[in-house]
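Participant: Here you go, one structure.
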Amino acid sequence: MKPLYLSLFLLLFLLPSAFAAPVGETLSSLGKESLPIKIVSDRLEADDMARKVKFIGHVIVRRGDVTLYAHEVLVTYLQGKGDIEEIVASGEVRIIQNDRIATAERATLYQKEAKIVLTGSARLLQGKDSIAGEEITVLINEEKSIIKAEKGGRVQAIFHPSESGGKP
């Protein structure tokens, strides 16, 4: 997998800290920069006993140049500190950063394991290049990706040579 695909997910990995703070607060990330998080949805449900916050309906999460779209985003946090345990985006999930796009029916971020799993017709696009499978797992700390096909199917990848043809 090209390193540029991984950068999309590294930026997505920075989103969890946003859910721990009240919406609209400025959060520090991406080095020394502070970028606000904006979350818009039709409805928000918070359940402190279950340690969950659910954004429902036409959810849009923006931070810097990364935008996540989904029908629903469920955030589960740890008791006490409010640290994020897991984020699940479901329903026509799209993650966009410049010319990089990830799509799936579901995207799950496991904070502790530093792992993102895209399931349901998962696809990564950058320019003309693409990778598609039923499930794409990105192990962030290991800089490793695993793409699985649907049972009986195959993983599909298309990579185009650079336009310069190797010339500087």
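Participant: Give the value in nm², to one decimal: projected area of the alpha carbon convex hull of segment 44-124, averaged over all directions. Let's see the in-between values first.
Facilitator: On the way: hull surface 22.5 nm².
That works out to 5.6 nm².
Participant: Next question, about the same structure. Filter the trypsin sites (Lys or Arg not before Pro) in segment 101-168 down to the DSSP loop ones having no more than 11 other Cβ atoms within 10 Å, then list what survives.
Facilitator: 112, 128, 151, 154
Participant: Over 21 Å between C-alpha atoms is what I'm after, so list which of 115/144; 112/144; 38/115 land there.
Facilitator: Pairs exceeding 21 Å: 38/115.
Participant: For segment 70-108 and segment 122-137, compute the distance between their C-alpha centroids and round to whole Å.
Facilitator: After rounding, the separation between the Cα centres reads 17 Å.
Every number in this text was worked out from the coordinates using simple rules, so none of it is lab data. Just so you know, these numbers come straight off a predicted model, no measurement behind them. When we count neighbours, we look across all protein chains shown, and the Cβ atoms used for this are built from the backbone with ideal geometry, even at glycine.
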